[in-house]
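Here's the structure we're looking at; comments come further down.
Readers should treat all values here as calculations from the given coordinates under stated rules, not as data from a laboratory. Not measured: the values here are computed from a predicted model. Here the Cβ positions follow ideal geometry from the backbone for every residue, glycine too, while neighbour counts run over all protein chains shown.
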Amino acid sequence: MKIICVGRNYLAHIKELDNDLPAEPLFFMKPDTALLPEGEAFPYPGFSNEIHYETELVLRICKSGHNIEEAEAAGHYDAITVGIDFTARDLQNQCKAKGHPWEKAKAFDGSAVVGKFKEISALQNATNIAFGMKLNGEWAQQGHSRDMIFSFNRIIAHISRFVTLKEGDFIFTGTPQGVGAVRPGDVLELFLEGERVLRFGVK
Ligand code: ZN
């Protein structure tokens, strides 16, 4: 499986990092080795001094497809959860400044964390999904899917023009505002429609 991540999909987050508004979804990938094994703590990597959390809605692809029409895209994912796209912000800023790829800052082991998936059909409000993350018991990020610049269906249509989506792939759909740093000893709790879908620590 592969993990595809969308960047710059919430206006307030684009502003907080002083980025430009994208004309089309911006995406990058993480390998399957980036997925934090279930039940494990996130291992703070030695190569960074600034690991940021990005709390995101994550789609699970249930049907393979290439060049998927936006109108057909909803049939290609069946479940959703909340995840963390861990980012070595210090390395990412160096990569951006040099025009280099971001993999070093985004694709490292443990950098993709996902909670328990919920069937799309079981959502209380599929048109405006509420999600968030508590850091050490306090709300750190809260978002709503209606604030996304590019919808799930638009994202799937766009990505699948270039990359075939396969059953079991995950798509991280971008972070709202409020990204920040974690430190060893921190505890993160992820919430989808008010229900906790994961609790894990940083070691
Ligand atoms: Zn992200």
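The table below gives the values:
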quantity	calculated
Verdict on ILE51 being within 15 Å of ARG89 (Cα to Cα), surrounded by 12 or more Cβ atoms within 10 Å (Cβ to Cβ), touching a Ser or Thr at 6+ places or on another chain (Cβ under 9 Å) and among the β-branched types (Val, Ile, Thr)	yes
Any hit, region 79-89, residues being farther than 22 Å from ASP32 by Cβ and acidic (Asp, Glu)	no
Test: residue in region 5-14 that is surrounded by 22 or more Cβ atoms within 10 Å (Cβ to Cβ), of a type in the set (S, T, N, Q) and part of a strand (DSSP E or B)	no
Sole exception among (1) more than 24 Å from VAL197 (Cβ to Cβ); (2) touching a residue at least 12 places away in the same chain (Cβ under 8 Å) for ASP18, by number	(2)
Members of region 163-178 that are surrounded by fewer than 23 Cβ atoms within 10 Å (Cβ to Cβ) and among the β-branched types (Val, Ile, Thr)	VAL163, THR164
Residues located in region 34-85, provided they are assigned to a helix (DSSP H, G or I) and touching a residue at least 60 places away in the same chain (Cβ under 8 Å)	ALA34, GLU70, ALA71, ALA73, ALA74, HIS76
Test: residue in region 76-85 that is of a type in the set (Val, Ile, Thr), surrounded by 15 or more Cβ atoms within 10 Å (Cβ to Cβ) and in contact with a helix residue (DSSP H, G or I) (Cβ under 9 Å, 6 or more places away or on another chain)	yes
Where ASP109 falls short, out of the listed (1) more than 21 Å from VAL179 (Cα to Cα); (2) in a loop (DSSP other than H, G, I, E, B); (3) not basic (Lys, Arg)	(1)
Close pairs (9 angstrom Cβ cut-off, 6 or more residues apart or separate chains): touching a residue at least 40 places away in the same chain (Cβ under 8 Å) in region 172-185, of a type in the set (A, V, I, L, M, F, W, C) and near the ligand (Cβ under 8 Å from one of its atoms) anywhere	PHE172/CYS5; PHE172/VAL6; THR173/CYS5; THR173/VAL6; GLY174/CYS5; GLY174/VAL6
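Quick grid of which residues meet (1) away from the ligand (no atom under 12 Å from the Cβ); (2) out of contact with any Phe, Trp or Tyr (no Cβ under 7 Å at 6 or more places or on another chain); (3) within 20 Å of VAL113 (Cα to Cα):
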| site | (1), (2), (3) |
| --- | --- |
| GLY7 | no, no, yes |
| GLU16 | yes, yes, no |
| LEU21 | yes, yes, no |
| GLU24 | yes, yes, no |
| PHE27 | no, yes, yes |
| PRO37 | yes, yes, yes |
| PHE42 | yes, no, yes |
